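As structure tokens, the structure follows; a few thoughts come after it.
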Amino acid sequence: MGKMIDLTAADGHKLAAYRADPAGKPRGAIVVIQEIFGVNSHIKSVADGYANDGYLAIAAAMFDRLQRGYDTGYSQPEIQAGIAMMQKLDWKNTFADVDAAVAEAKKAGKVGIVGYCWGGTVSWPAAANTSGLAASAPYYGGGMPNFKDEKPKVPTMCNFGELDQSPTPAQAKELLATHPEVVGHFYANAGHGFNCDQRGSYNAEAAKLARERTLAFFRKHIG
């Protein structure tokens, strides 16, 4: 459904992105931030889903700075490899890549950002620092507590699993308590990665409800 395009960050770095276009005129755009597994078939299917709902979806290849076309599955060695990749990234560059995705997405109207796992961590400080966003919807970003003092400038809604260890529900609640204006949802019997239908942690019921809530949130703030 979608196609790969190239984006250019402010420092001249060229990164790929998966672009999925809606059938008609876009309601707006959603920037999708990947997990530590690259822009793989799952992230492309998430982008396609937002396109089916009427949004231009842009899923930037956030690991292109380290390795072009990074795309893995979910085995234990692949998880370890993804963590190693993530730890090598520089936040300044990561946010430059987010900016590049937002600049492309803006051509379709207001822009929201959604991220999963590591992408959830990225989507939280993006709500505080990235200009051009109208809303942010992080899913279970393990690193979000490290940014708990960042104050979102746009409406933000977080989805967490009650069984998650990264972040734990206690860490997530502490984060939410610091920011009473932020909406937080917790899903029963759902752990880290509950949205991903290619992972053992997939929880169909939680994924469906979180997606409905996220879509309603974007309808309200993006269009």
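The values are calculated or read from the model by the stated rules, or taken from the named source; none is laboratory data. Small disclaimer: the values here were computed from a predicted structure and weren't measured. No Cβ is skipped: glycine too gets one built from the backbone with ideal geometry, and neighbour counts run over all protein chains shown. Heavy atoms of the whole protein, side chains included, go into the accessibility calculation; ligands, DNA and RNA do not. Shrake-Rupley method; radii C 1.70, N 1.55, O 1.52, S 1.80 Å.
Summary of computed values
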read-out	value
Helices (runs of 4 or more DSSP H) enclosed by segment 116-223 - at least 2 residues per element that are within 17 Å of the chain's Cα centre (by Cα), surrounded by fewer than 17 Cβ atoms within 10 Å (Cβ to Cβ) and at pLDDT 95 or above	204-221
Matching entry among GLU78, GLU104 (being surrounded by 19 or more Cβ atoms within 10 Å (Cβ to Cβ), of a type in the set (Asp, Glu), modelled with pLDDT of 95 or more and assigned to a helix (DSSP H, G or I))	GLU104
Selection count where residues are open to solvent by 40 Å² or more (accessible area, probe 1.4 Å) and either of a type outside the set (S, T, N, Q) or under 26 Å from ALA51 (Cβ atoms) (or both), scope segment 85-94	5
Strands (runs of 3 or more DSSP E) (entirely within segment 1-59) containing at least 1 residues that are farther than 20 Å from LEU133 by Cβ and open to solvent by 10 Å² or more (accessible area, probe 1.4 Å)	3-8, 14-20
